[in-house]
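**Student:** My questions all concern the structure below.
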Amino acid sequence: MPVPVHQLLIGDVFTNAARAVPHRTAAVLGDRSLTFAEVETGADRVARTLRELGVGRGERVVCWADTTLDAVPLFAALARLGALYAPVAGTLGINEAAELAATVRPALIITAGRTAAELAQLRAAIGVPVRDLRTVVAATAQTHRPTATADTDPHAASDVLETDPHCLFFSSGSTGRPKAIVLSHRVSFLRSHPGSQLEPRGAAVCSFPLSHMAAWTLSLQQWQARDTVVYLDRADGQTVRAAVRAHQATRLYCVPAVWQRVLDSDHAALATLRFADTGTSAVTAAFLDAIRTATPHAHLRLFYGSTETGNVAALDGDDLREFPNSIGMPGTSMEVRRSADGELQVRGPLLFTGYFDDPAATTAAFDNGWYRTGDLAEIDTAGRITLTGRLGELIRTGGETVFPGEVETCLADHPAVAEAAVVGLPDPAWGEVVCAVVVPSDPARPPNLPDLRRHLNGRLAGHKHPRMLRIIDELPRTPATGQVRRRQLAQRIAAADGASASSNNASEREVRQE
């Protein structure tokens, strides 16, 4: 008789916590909170409603919303059904949201805070049902179902497997076409499994929006430990510090740009932190020392990874001072290698399944089973990794990915822009910043940075807007095809920045907006 194999399922995380600590707080946002029992019962009700709407195993549900607690029972309900949760950032405009949603062919789109006109436009663009998230959750909470049948009980005869896809997170690809990164139940479970250690853990403040993989991984770590995650409606310094103080939080993970805001003042608010984490972009020794000063009781850690890989490597303790340019050693069960052209490649059980409905992109992302990170790296004899650059042209800024061509297309129709190129420039806070390089239509009246950013409002998400502007006479192009030489352009700007005399060059003028 075969030995039954226990499945690592995300729905079980909620059931386990609700059974063990039903009245403990699972999630908080502002003045509102949910206990584990409320998440569990809410997930059951939402799952029944989703089934009635025709959502079943393997189907996709897009959630286009800002961070909201109503997303938590939806997330759990979809895991229970074996359907896929596909979050789209609420900051995106309707055209961007519709484009992303269309790539995963959803059975249903759930939104929050949208007008009737926007819902109608979205419904017409995608051709699938659209429902308001709060209405769905409120309606299911008011529905009385004294008995459950095999047709309505979300726990009945579940055929969900740990290898089934569980989430889709969107990322720009090298072609600029949106890609959806597929994570299985098993991968999401394993990425958050350290949270299952049931030591007194304390609350964790989540500075990431719920459209981001990191937010859900951090949440699942807390929930596997049967503890609380505190969400934020915005990640400014005052809001983060207030959340840490109010909940006596012990854990805080911020990208460097958010940490800079947190460090501005009131370090006393951070005294309860036991773990202070950062990552996603390069940091300086001075920056890490500032975090140490502000969080005297915390263990400081620097993480490196991506949505495709999960956590790849980490640096902490004395190594942060001894190897300030390193990203540390590979994590448990993660293998790394350096390809012939210097690219860091990764394999292990935390890797994503692939890109949804995009076998060509999935194949291109791997080299005989090794995921190609796109980062250039050195690996020393101890196995410690140091990043040295990017293989391609994608811009990584504050933990987000930006495809230059997408921004260039939107800049091109500005009346003051004759030609535009977009490059990423190194930045200590953001890792890279988006820099627009513009040939003006009228050299005597070049566009300014605020005008360009206003031109992009409602068309591109804020993290895709340029933070720097260069005005030049001509873009460097390849002779044969006329393609913009972005790498050469970025090197040219960096060299000019390194020379004090370049700041007065009439053909290259810089404007920075922080």
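**Student:** Send over the semi-axes of the range 395-450's equivalent ellipsoid, whole angstrom and largest first, taken as the square roots of 5 times the C-alpha gyration tensor eigenvalues.
**Tutor:** On the way: eigenvalues 111, 29, 11 Å².
One finds semi-axes of 24, 12, 8 Å for the range 395-450.
**Student:** Provide the per-residue ³J(HN,Hα) series for the range 58-75, in order, calculated from phi with Karplus coefficients 6.51, -1.76, 1.60 and θ = phi - 60°, each as a whole number of Hz, with x at glycine and proline positions.
**Tutor:** Using θ = phi - 60°, the values come out as x, 8, 9, 10, 8, 10, 9, 7, 6, 4, 8, 5, 4, 5, 5, x, 5, 4 Hz.
**Student:** Taking the chain as the reference, fit the longest principal axis to its C-alpha atoms, fit the long axis of helix 237-247 to the helix C-alpha atoms, and give the angle between the two in degrees, 0 to 90, nearest 10.
**Tutor:** 30 degrees
**Student:** Long-range amide H contacts for Ile327: which residues qualify at under 5 Å (H placed 1.01 Å from N, peptide plane, sequence gap of 5 or more or a different chain)?
**Tutor:** Under 5 Å from the amide H of Ile327: Ile385, Thr386, Leu387.
**Student:** Something else: Please list 3J(HN,Hα) in residue order for the range 389-402, calculated via the Karplus relation 6.51 cos²θ - 1.76 cosθ + 1.60 where θ = phi - 60°; whole Hz, with x for glycine and proline.
**Tutor:** Once rounded to whole Hz, the list reads x, 10, 6, x, 10, 4, 9, 10, 10, x, x, 10, 10, 10.
**Student:** Looking at Tyr253, Ala107, Leu351, which one has the Cα that reaches farthest to the positive end of the dipole of the chain (charges on Cβ: Lys, Arg +1; Asp, Glu -1)?
**Tutor:** Among Tyr253, Ala107, Leu351, the one farthest towards the positive end of the dipole of the chain is Ala107.
**Student:** Do the sum for the chain: with -39,500 (n - 2.57) for every DSSP H run of n ≥ 4, divided by all residues, what is the mean residue ellipticity at 222 nm, to the nearest 500 deg cm²/dmol? Kindly include the intermediate steps, with their values, before the conclusion.
**Tutor:** Values: 16 runs with 157 residues, N = 514.
Rounded to the nearest 500, it is -9000 deg cm²/dmol.
**Student:** May I pose another question? Note the angle between two axes, namely the Cα long axis of helix 36-52 and the longest principal axis of the Cα atoms of the chain, as a number of degrees from 0 to 90, rounded to the nearest 10.
**Tutor:** For helix 36-52, the angle is close to 90 degrees.
**Student:** Follow-up. About the Cα centre of the chain, how large is the charge dipole given +1 on each Lys and Arg Cβ and -1 on each Asp and Glu Cβ? Please answer in debye to the nearest 20.
**Tutor:** On the way: 51 positive and 56 negative charges, 113 e Å.
Charge dipole of the chain: 540 debye, to the nearest 20.
**Student:** When the Kirkwood hydrodynamic radius is evaluated over all pairs of different C-alpha atoms of the chain, what value in angstrom, to one decimal, is obtained?
**Tutor:** Result for the chain stands at 24.3 Å.
**Student:** For the range 9-142, count the residues as N, evaluate 2.2 N^0.38 Å, and divide the Cα radius of gyration by that value, please. Mind dumping the intermediate values first?
**Tutor:** On the way: Rg = 14.6 Å, N = 134, 2.2 N^0.38 = 14.1 Å.
That ratio works out to 1.03.
**Student:** Show me, for the range 88-105, the HN-Hα J-couplings you get by feeding each phi into the Karplus relation (A = 6.51, B = -1.76, C = 1.60, θ = phi - 60°), rounded to Hz, glycine and proline as x.
**Tutor:** My calculation for the range 88-105 gives 10, 4, x, 6, 6, x, 5, 5, 5, 4, 5, 4, 5, 4, 5, 5, 10, 6 Hz in order.
**Student:** Here is a further query. Show the residues, 5+ positions off or on another chain, whose built amide H is closer than 5 Å to the amide H of Asp132.
**Tutor:** Those qualifying (amide H under 5 Å, at least 5 residues apart or on another chain) are Thr111.
**Student:** What residues have an amide H closer than 5 Å to that of Ser306, excluding those fewer than 5 places away on the same chain, when H is modeled at 1.01 Å from N in the peptide plane?
**Tutor:** When sequence neighbours closer than 5 places are left aside, the close amide H contacts are Val312.
Readers should treat all values here as calculations from the given coordinates under stated rules, not as data from a laboratory. Only a predicted model underlies this, so the values are computations on that prediction, with no experimental measurement involved. Heads up, the Cβs are rebuilt from the backbone with ideal geometry, glycines too, and the neighbour counts pull from every protein chain shown.
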